[in-house]
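What follows is a short report on a single structure.
Only the coordinates and a few stated rules stand behind these numbers; no lab work does. Note that the coordinates shown come from a computational prediction; the quantities given were computed from them, not determined experimentally. Reconstructed Cβ throughout: ideal geometry from the backbone, glycine too, with neighbour counts over all protein chains shown.
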Amino acid sequence: MMSLGISNLRTFFIYCALAALLLALPQQLLAQERWFQIEVSIFTNESLSDRAEETWQPGRAKLEYPDNLKRLSRLLDILFVESPAPQSIGSADDLLTESEEDRTARLFAEQIAAVGPLPARPATDFKFFDFARDSFLQLPPAQSDFQQTNRVLERSPDHRLLFHGLWRQAVENTPQALPLYVSGGEKYGEFSELEGSLTIRFNDNRDRVVIDTNLWLTDFSTLALQGADWQLPTPPAPNASPATDDANSEGPDYYPIQVYHMQQSREMRSTEFHYLDNPALGVVVMVEPYELPVLGPSGFDTNSTALPSSAGDAITQ
């Protein structure tokens, strides 16, 4: 009986040790996570002669979206307001005699009256963003290092800025890395001029951060072009209201007549600008190490706020 009791006691202690190890495992994994702040700008090369230097054929490009695709969350995702319906603006005589103050008050009242209640959504769809701790969350322009670079691109006749992203994430090895959905430029029905994905991951030695680009820039036409057998993958469903989806379904049919595919990988040093390009597209990227704020005993970061200090900047992103 005594030996049986000792055996059971040993088994009990082993189970307790295993349970403690399992409970500590998430904290250990969290401590081993390495977070980075990432900033990316994607722009066009408008030179047709440069684009003609490479042969772009439908059969050579395999356009597809990877699994587990992520989107950048934006503050507008939780502040969506339907477009106000047109309202009566009164007679011409009333408008001529209306003061600027009265006009402002009238327009404001009409906008309020035009916005009806939104459909009820599950409570789990709403959350306050934590700009210090949330991953894949678009940060406000005040934290951007690319403001001057983007202004130069926007003013240049040789380039067009199509996409700008600024976010934080835990960087993983290749099998666990999550690709980010990219979309930008003009809209053509359900498609955008720029589409594809970016993946930020570690190299095999975990001593360099790697960016993998899988992007395509598309020229569209309302007329089908013979021999342009480009097959574009269906973009992932957006987080949009039915009204937005209905608006996208209106208008003419568009056909892809030329696609410029960019598929490259680049190892990067942190805190340095890196540039990737092909004859049609350019990508500027920078990654910086980021340390997550430590949570207090209550489970909240007392140094963090739900909204950025410049919430208006975040809304306009």
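Taking the convex hull of the alpha carbon positions in the range 139-223 and averaging its projected area over all directions gives 7.9 nm².
When the Cα convex hull of the range 156-286 is projected onto planes of every orientation, the mean area is 10.2 nm².
Could you order the peptides 46-57, 207-218 from most to least packed, using the average number of other C-beta atoms within 10 Å per residue? Write out the running numbers ahead of the final one.
On the way: 46-57: 11.7, 207-218: 19.9.
Per-residue Cβ counts within 10 Å, averaged per peptide and sorted highest first, yield 207-218, 46-57.
In this structure the amide hydrogen of ARG208, modeled in the peptide plane, comes within under 5 Å of the amide hydrogens of ASN203, none closer than 5 places in sequence on its chain. Sort out for me the Cα centre separation of the range 161-200 from the range 207-237, rounded to whole Å. So the separation of the two Cα centres works out to 12 Å.
Averaged over residues, the count of other Cβ atoms within 10 Å places the peptides 265-274, 162-171 in the sequence 162-171, 265-274, highest first.
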